[in-house]
Amino acid sequence: MASAKILENKKAIVNEIQDLVKNSESVLVFTYQGLTVADLSDLRIKLHNDDSEVKIYKNTLVKRALDELNIELEPSLLEGPNAFVFGKNLLEPIKILSDYVKEHDKAKIKVGIISGAPADLDTIKEYASIPSREGLLTMLAGGMIQYVKDLSICLNLYAEEKEEN
């Protein structure tokens, strides 16, 4: 039987995982087997710049933490060596990890938890395809400037017509 100290440590880790899940807009589970330490360090740096982090926990402890939060994932998705990305932003960690997985064949996204609800791989791919905030603002500005441009052309034509009369 496990000692009381070991059980306390495991409970502390489960509580830590619960806090991370509660405070994260997006949680992603991915395989990391076959990646080098340098590859994972590169991912950690990219995610750290976006206020996100990569953690590696025992699958049983993650399952226990998710069960206590009433988040159900398919048991087969929490098998094997998994790493977990916890992001305070919704889109950026998904985009960063999706780009990272495209560059590294050995990494593979398994499942995610978006705003407290499980998300399958198709949903994660949809979120990854959404342009960044800056991209969306640029598109909005581009759309709005078209109306201003059209208005200026109309006003110019109207002014020219008034000058002729």
Cross-link pairs beyond the 21 Å C-alpha cut-off, checked among K22/K63; K10/K95; K11/K55; K11/K95; K55/K110
K10/K95; K11/K95
Using DSSP loop states and a limit of at most 12 other Cβ atoms within 10 Å to flag GluC sites (Glu not before Pro), what is the longest stretch of the chain containing no flagged site?
80-165
Exposed trypsin sites (Lys or Arg not before Pro) absent: longest stretch of the chain, with sites in DSSP loops and at most 16 other Cβ within 10 Å deemed exposed
107-165
Sort largest first and round to whole Å: the equivalent ellipsoid semi-axes of the chain, each the square root of five times a Cα gyration tensor eigenvalue.
48, 17, 13
Out of Q18, P93, L140, whose Cα points farthest toward the positive end of the dipole of the chain (charges: +1 Lys, Arg; -1 Asp, Glu; placed on Cβ)?
Q18
Only helices counted: for the chain, with every DSSP H run of 4 or more residues adding -39500 (n - 2.57) and the sum spread over all residues, [θ] at 222 nm is -19000 deg cm²/dmol
Anchor K149: lysines whose Cα lies under 26 Å away (excluding residues fewer than 8 positions away in-chain)
K162
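Just so you know, all these numbers are worked out from the coordinates, no wet-lab data involved. Computed from a predicted structure; not experimentally measured. Counting neighbours? That spans all protein chains shown, and the Cβs are built from the backbone with ideal geometry, glycine included.
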